[in-house]
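Q: Here's a structure for you.
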Amino acid sequence: MSEGGVKSKVLPISRPCVGVAGKTGSWRVMRPVYNDSKCIKCRLCWLYCPENAIDLNEEGEPFISIDYDYCKGCGICATVCPKNAITMVPEG
Amino acid sequence: MPVTLRDLPKEKLLLPGNASCPGCPEALGLKYLGMALGKKVILVVPAGCTSIIQGLMPGGAFIYPTFNVPFASSDAVAAGMSAAKEILGEDAVVVAWGGDGGTADIGFATLSGAAERNDNIIHICVDNEAYMNTGIQRSSLTPYGAWTTTTWRGKRENKKELPLIMLMHKVPYVATASVGYPLDFIAKLRKAASIKGFKFIHLHAPCPVGWRFDPSRTVEVAKLAVETGMWILFEAENGKITISPPSRPYADKSKRKPIEEYIKLQGRFRTLSKDDIKILEKAVDDAWNTILKLAGK
Amino acid sequence: MVVKPLTGNYAAAYAAKLSRVKVVAAYPITPQTTIVEKLAQFIENGEMDAKMIRVESEHSALAAAYGAASGGVRAFTATSSQGLLYMHEMVWWVAGSRIPLVMAIVTRTLGPPWNIWTDHSDIMDQRDSGWLIMMAEHNQEVLDETIKMFKITEDPRVFLPGMVGLDAFILSHTTEPVDIPDQELVDAFLPPRRQPYVFKPGDSLLMGNVPRNLKENMKMREDIHNSLEAAKRVIEEVDEEWGRLTGRRYGGLIECYRCEDASHFIIGMGAWVGDMREAVDSLRTNGVKVGLIKVRYVRPFPREDILKWAVNAKSVIVFDRSVSAGSAGPLFLDVAAHLMAAGIRVPVKNVLAGITGLDVTYEDIIDAVLKSVAEVEETGRFSKFIEWYYGR
């Protein structure tokens, strides 16, 4: 089974990309602020971020980084953090 | 083999900057699917929120090969896809990812048909308890008393007991899950993928927009559903039911948190009367009694 | 090569088997059922290496075949009437996805009331969808064209699904001697399956999410239209090749019977074309210079072929076995519109007959044609462009 002649056809096909809905960070009304001194590296914020906008830095500091280009400010990370290491502050 | 946080893969199969609402439980579910099964997944998506979360052509928010299909067709398409992959000798896990409508209503026939035939697919019902993508209209999975745009005074009918219906299809694997308990969901996904035949996972997915709560509380509401006993986490392998660890304490009615704690967080339950709450409490008792009896307890 | 007495349904089943279809998904409906039963037999006794998905509805039948085809294997289904309408949404979706797939349609009328007899309402209801649509005249053609349809639809110039129509009971359940080609011949004729994209694990492809730019979406529709136009050439090439291999050529998009010196043309498609041949012979014996244009492919519409003959015609009579209620028969509408668009002024008439399965004999056809030809010979026009014909 081979694929042929694709270039000549206009197909309803897409390929993945980050930020398909634009810089969704612009949606934010509240922004999460990380206080690494309170962080116990439980990883719950990373686990529960629906946007996959939190990355872990296993090797060094700070342990988490928040991608503010795409973070929508939902606040789940702040809610699940057991140590209040993330707080929500008004954006802008 | 228990799943631990540390071992979870970091590779993102759901990409940031997608079109989901802030705090979206479907996004959480799609993320956990990727953590569980990675690149073996071929996703078959009937009409619903997930159709839109992908964003606009020519881009897309998923690394999964994603097949958008008509509303009533998901499991039949998935069954055909799965047959093709088997014929071609490719190691794939075909997942039909449908919401309320695509699973329990317009998609009910295709779901039941695939289950009865024991087609080799996983159907995940991402249950946000209404037709959210079209603007919060009531579905068969909307709970009793909930406000929706087609039940302004609260739904009068009960939530369709889909997990029990799927149990009665006698398929190899039926499970309930919740976005509040990702490790449990991931373990269940991996279990399902290791079994040949039809697997059904019903994922409870609290929706901030449709249920009327602050998006920061998605996980909290999901957990309260389990802690009040309103959502029961279990799995059934070849009909043998096990209550999942997060739900086990709540087999004991005295351990369940009062339903009010769950209800008061959600604007959609604002019209509930005291009698309605009693009806819901009884429903919780009945549901627990039924599942425990079926489990042989 | 072996000649067997086969019904049209069995001919379709043999064709799917010879084409090495790998997935069959179908739901029974009279009069398609024996196609599916035969295929189930082939698969269960090991004659055919395929999986059968015994779906719970026609919507799921096309959905499952489509799923398999999108996964990279040759898939086949069959239906009729209510079943075809039930899967109508999927019919459009498959064409829009550009996934090649072949479906047999045992053309049966629509209810209410319940009626299992033939007309062309069901298949003509799909004509806007982007599928190739072909109507067979006899069972040999059912077998041959189903095999050819795999080659045509999988050609990169086309990449669209295709339907092969056969009239309910007249073809589906009537036995005729059919030459079944050898597997070796079909293997040499059909190349390995090609399609514009395929779903496989690890290959990040999304199909069908919302377009950002509606111009792009409209271009997709135009591309389907253009691919159907391009298919005309492919249909002719494939017909020619099949002719070389088997000795059976069908003429491509149309076949012209006794057209060369015809003054009046009748146009039709499906099983009753056989009766039309008889009618033409009889009319000719009685001095009426009539020719028959057998429409084999209604989509793509054989515009150029029909215009070529109609340009010198005194009249054109189009027989339709279905109607676009409130306008006219669909074949007539296509013919008349294209004649007009080409600036060909010739009297055109629509005879609607055999709808809901009412039997039409070759004598009925002679009768309808004679009356129409007499009028146009005398007055130079048809006083009524449309006639509901119920028999002599």
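Q: What whole-number distance in Å separates the alpha-carbon centres of segment B:89-131 and segment B:228-242?
A: 18 Å
Q: On to the next question. Kindly provide the chymotrypsin sites (Phe, Trp or Tyr not before Pro) of segment B:128-168 that DSSP labels as loop, not H, G, I, E or B, and whose Cβ sees at most 10 other Cβ atoms within 10 Å.
A: Values: sites: B:Tyr131, B:Tyr144, B:Trp147, B:Trp152; in loops: B:Tyr144, B:Trp147, B:Trp152.
Here the sparse-neighbourhood loop sites are B:Trp152.
Q: Using a simple spin-label model with points 7 Å from Cα along the Cα→Cβ vector, what separation in nm is obtained for C:Ala325 and C:Arg221?
A: If labels sit at C:Ala325 and C:Arg221, their model points lie 2.5 nm apart.
Q: Could you go through segment B:200-212 in sequence order and give the Karplus-derived ³J(HN,Hα) for each residue, using 6.51 cos²θ - 1.76 cosθ + 1.60 with θ = phi - 60°, rounded to whole Hz, and x for Gly and Pro?
A: Running phi through 6.51 cos²θ - 1.76 cosθ + 1.60 with θ = phi - 60° gives 10, 10, 9, 9, 6, 9, x, 9, x, 5, x, 8, 6 Hz.
Q: If you don't mind, there's one more thing I want to ask. What is segment A:22-90's relative contact order, in percent, from Cα pairs under 8 angstrom and six or more apart in sequence? Write down the numbers at each step before the final one.
A: Details: 114 pairs, mean separation 33.8, N = 69.
Relative contact order for segment A:22-90 comes out at 49 percent.
Q: Using amide H atoms built in the peptide plane, which far-off residues or other-chain residues are under 5 Å from C:Ser324 H to H?
A: C:Gly329
Q: Using the Cα atoms of the protein assembly as shown, I'd like the radius of gyration and the largest Cα-Cα distance, Dmax, both in angstrom.
A: Taking only Cα atoms of the protein assembly as shown, I get Rg and Dmax of 30.4, 105 Å.
Q: Got the relative contact order for chain C handy, in percent, Cα pairs under 8 Å and 6 or more residues apart?
A: 16 percent
Q: Starting from chain A, pick out the GluC sites (Glu not before Pro) whose DSSP state is loop and whose Cβ has at most 15 other Cβ atoms within 10 Å. Intermediate values should be presented prior to the final figure.
A: Numbers: sites: A:Glu3, A:Glu51, A:Glu58, A:Glu59, A:Glu91; in loops: A:Glu3, A:Glu51, A:Glu58, A:Glu59, A:Glu91.
When the GluC sites (Glu not before Pro) of chain A are filtered for loop state and at most 15 Cβ neighbours within 10 Å, A:Glu3, A:Glu58, A:Glu59, A:Glu91 remain.
Q: Rounded to the nearest angstrom and ordered from largest down, what semi-axes does the equivalent ellipsoid of chain B get from its C-alpha gyration tensor (root of 5λ)? Mind dumping the intermediate values first?
A: Working: eigenvalues 161, 96, 68 Å².
In descending order, the three semi-axes are 28, 22, 18 Å.
Q: Go through B:277-284, B:6-13 and give me the packing order, highest mean Cβ count within 10 Å leading.
A: B:277-284, B:6-13
Q: Right, next: Determine the dipole magnitude for the protein assembly as shown: charges of +1 sit on the beta-carbon of Lys and Arg, -1 on that of Asp and Glu, nothing else is charged, the reference point is the Cα centre, and the result goes in debye to the nearest 20. Intermediate values should be presented prior to the final figure.
A: Working: 91 positive and 90 negative charges, 561 e Å.
With Lys and Arg at +1 and Asp and Glu at -1, about 2700 debye.
Q: How many Å³ per residue does the convex hull of the Cα positions in segment C:217-361 occupy?
A: Numbers: hull volume 20.7 nm³, N = 145.
Hull volume over Cα atoms, normalised by residue count, gives 143 Å³.
Q: Which percent of the Cα-Cα distances in segment C:216-288 go past 16 Å? Provide the component values of the computation, followed by the final result.
A: Working: 1707 of 2628 pairs.
Tail of P(r) above 16 Å: 65 percent of Cα pairs.
Q: Please give the Cα centre distance for segment B:9-49 versus segment A:21-65, rounded to the nearest Å.
A: 18 Å
Q: Now for a different question. Segment A:12-77: which trypsin sites (Lys or Arg not before Pro) are DSSP loop and have at most 14 other beta-carbon atoms within 10 angstrom?
A: Details: sites: A:Lys23, A:Arg28, A:Lys38, A:Lys41, A:Arg43, A:Lys72; in loops: A:Lys23, A:Arg28, A:Lys38, A:Lys41, A:Arg43, A:Lys72.
Within segment A:12-77, the qualifying trypsin sites (Lys or Arg not before Pro) (loop, at most 14 other Cβ atoms within 10 Å) are A:Lys23, A:Lys38, A:Lys41.
Q: What is the Cα coordinate range of segment C:182-265 on the first, second and third principal axes, sorted by size from largest, in whole angstrom?
A: 55, 41, 12
Q: List the residues whose amide H sits under 5 Å from the amide H of A:Arg31, counting only those 5 or more places along or on another chain, with H placed 1.01 Å from N in the peptide plane.
A: A:Val89, A:Glu91
Q: On to the next question. Using θ = phi - 60° and the Karplus form 6.51 cos²θ - 1.76 cosθ + 1.60, what ³J(HN,Hα) does each residue of segment C:35-43 get, whole Hz, x for Gly and Pro?
A: 5, 5, 5, 5, 5, 4, 5, 3, 5
Q: If you plug each phi of segment C:18-29 into the Karplus form 6.51 cos²θ - 1.76 cosθ + 1.60 with θ = phi - 60°, what whole-Hz ³J(HN,Hα) values come out, in order, with x for Gly and Pro?
A: So the Karplus estimates, Gly and Pro as x, are 5, 7, 6, 4, 9, 9, 10, 9, 8, 10, x, 8 Hz.
Q: Within 10 Å of each residue's Cβ, count the other Cβ atoms and sort C:Thr79, C:Thr34, C:Thr379 from fewest upward.
A: Details: C:Thr79 28, C:Thr34 20, C:Thr379 10.
By the 10 Å Cβ count, ascending, the order reads C:Thr379, C:Thr34, C:Thr79.
Q: Give, as a single signed number, the net charge of other residues whose beta carbon lies under 11 Å from the beta carbon of C:Val3, with Lys and Arg counted +1 and Asp and Glu -1.
A: On the way: positive: C:Lys4; negative: C:Glu176, C:Asp179.
It works out to a net charge of -1.
Q: Most exposed first by the Cβ proxy, i.e. fewest other Cβ within 10 Å, how do B:Cys49, A:Cys74, C:Cys259 rank? Mind showing how you got there, number by number?
A: Working: B:Cys49 25, A:Cys74 30, C:Cys259 19.
Least crowded to most crowded, the residues run C:Cys259, B:Cys49, A:Cys74.
Q: Output the relative contact order of segment C:199-321, whole-number percent, from Cα pairs under 8 angstrom with separation of 6+ residues. All intermediate terms of the calculation are to be shown ahead of the outcome.
A: Numbers: 129 pairs, mean separation 33.0, N = 123.
It rounds to 27 percent for segment C:199-321.
Q: By its C-alpha gyration tensor, with a ≥ b ≥ c as the square roots of the eigenvalues, how is segment C:30-153 shaped: rounded for a/c under 1.5, else prolate for a/b larger than b/c, else oblate?
A: On the way: a/c = 1.35, a/b = 1.18, b/c = 1.14.
Taking the square roots of the gyration eigenvalues as a ≥ b ≥ c, segment C:30-153 is rounded.
Q: Identify which of A:Ile13, A:Ile54, A:Ile66 has the largest mean-square fluctuation in a Gaussian network model of chain A, with springs joining Cα atoms closer than 10 Å.
A: In the Gaussian network model the winner is A:Ile13.
Q: As a check on your grasp of the helix formula, calculate [θ] at 222 nm for the protein assembly as shown: sum -39500 (n - 2.57) over DSSP H runs of n ≥ 4, divide by the residue count, round to the nearest 500.
A: Details: 26 runs with 278 residues, N = 781.
Helix-only estimate at 222 nm: -10500 deg cm²/dmol.
Q: I've got another one for you. Looking at chain A, which Cys residues are left with no other cysteine's beta carbon under 4.7 Å from theirs?
A: A:Cys17, A:Cys39, A:Cys42, A:Cys49, A:Cys71, A:Cys74, A:Cys81, each lacking another Cys Cβ under 4.7 Å.
Q: With 28 Å as the limit, write out which pairs from A:Lys72/C:Lys200; A:Lys41/A:Lys72; B:Lys188/B:Lys253; B:Lys188/B:Lys255; B:Lys39/B:Lys196 have Cα-Cα distances beyond it, or answer none.
A: Numbers: A:Lys72/C:Lys200 32 Å; A:Lys41/A:Lys72 22 Å; B:Lys188/B:Lys253 25 Å; B:Lys188/B:Lys255 25 Å; B:Lys39/B:Lys196 18 Å.
Over 28 Å Cα-Cα: A:Lys72/C:Lys200.
Q: What Kirkwood hydrodynamic radius, in Å, does segment C:158-302 give when the mean of 1/r is taken over all pairs of distinct Cα atoms and then inverted?
A: Details: mean 1/r = 0.0526 Å⁻¹.
Kirkwood radius, segment C:158-302: 19.0 Å.
Q: Ignoring solvent entirely, what values of log10 I(q)/I(0) come out of the Debye formula for segment A:22-90 at 0.15 Å⁻¹ when each Cα is a single scatterer?
A: Debye output, listed in q order: -0.41.
Q: Kirkwood Rh over Cα pairs of chain C into Stokes-Einstein at 10 °C, 1.306 mPa s: D in µm²/s? Provide the component values of the computation, followed by the final result.
A: On the way: Rh = 21.3 Å.
In µm²/s, the coefficient rounds to 75.
Q: Can you tell me how much longer the chain between B:Arg156 and B:His169 gets when fully stretched, taken as 0.36 nm per residue apart minus their C-alpha distance, in nm with one decimal?
A: Gain on extension, B:Arg156 to B:His169, equals 2.0 nm.
Q: Turning to a different aspect of this structure: Where the eigenvalues come from the Cα gyration tensor of segment C:58-130, what are the semi-axes √(5λ) of the equivalent ellipsoid, largest first, in whole Å?
A: Numbers: eigenvalues 106, 27, 19 Å².
Equivalent ellipsoid of segment C:58-130: 23, 12, 10 Å, largest first.
Q: If you take the square roots of the eigenvalues of the alpha-carbon gyration tensor of segment B:39-159 and sort them as a ≥ b ≥ c, do you get rounded (a/c under 1.5), prolate (a/b over b/c) or oblate? Kindly include the intermediate steps, with their values, before the conclusion.
A: Working: a/c = 3.12, a/b = 1.64, b/c = 1.90.
Verdict is oblate for segment B:39-159.
Q: Work out the length of the dipole vector of segment A:37-92 about its Cα centre, built from +1 on the beta-carbon of each Lys and Arg and -1 on the beta-carbon of each Asp and Glu, and round it to the nearest 20 debye. Could the numbers behind the result be given before it?
A: Working: 5 positive and 8 negative charges, 76 e Å.
Computed charge dipole of segment A:37-92: roughly 360 debye.
Q: Follow-up. How far apart, in nm, are two points set 7 Å out from the Cα along the Cα-to-Cβ line at A:Lys23 and at B:Asp275?
A: About 5.6 nm, to one decimal.
Q: A further question on this structure: Taking a ≥ b ≥ c as the square roots of the Cα gyration tensor eigenvalues, with a/c under 1.5 meaning rounded and otherwise prolate when a/b beats b/c, else oblate, which class fits segment C:1-48? Before the final figure, lay out the partial values.
A: On the way: a/c = 1.81, a/b = 1.11, b/c = 1.63.
In terms of gyration-tensor shape, oblate.
Q: Related question: What residues qualify as long-range amide H neighbours of C:Gly291, i.e. H under 5 Å apart, gap of 5 or more or another chain, H built at 1.01 Å from N?
A: It is C:Ser263, C:His264, C:Phe265, C:Ile266, by chain and number.
Q: Here's a follow-up. Roughly what would the spin-label model give for C:Val210 and C:Leu185, points 7 Å off Cα along C-beta, in nm?
A: According to this spin-label approximation, the distance is 5.4 nm.
Q: Continuing with this model, one more query. What is the distance in Å between the Cα centroid of segment C:28-71 and that of segment B:152-166?
A: 35 Å
Q: Based only on other Cβ atoms within 10 Å, what is the fewest-to-most ordering of C:Met48, C:Met269? Mind showing how you got there, number by number?
A: Values: C:Met48 22, C:Met269 29.
In increasing order of surrounding Cβ atoms, one gets C:Met48, C:Met269.
We did not get these values from a lab; they are worked out from the coordinates using the rules stated. Predicted, not measured: the structure shown is a model, and the values here were computed from it. Note that we place each Cβ from the backbone using ideal geometry, even for glycine, and neighbour counts take in every protein chain shown.
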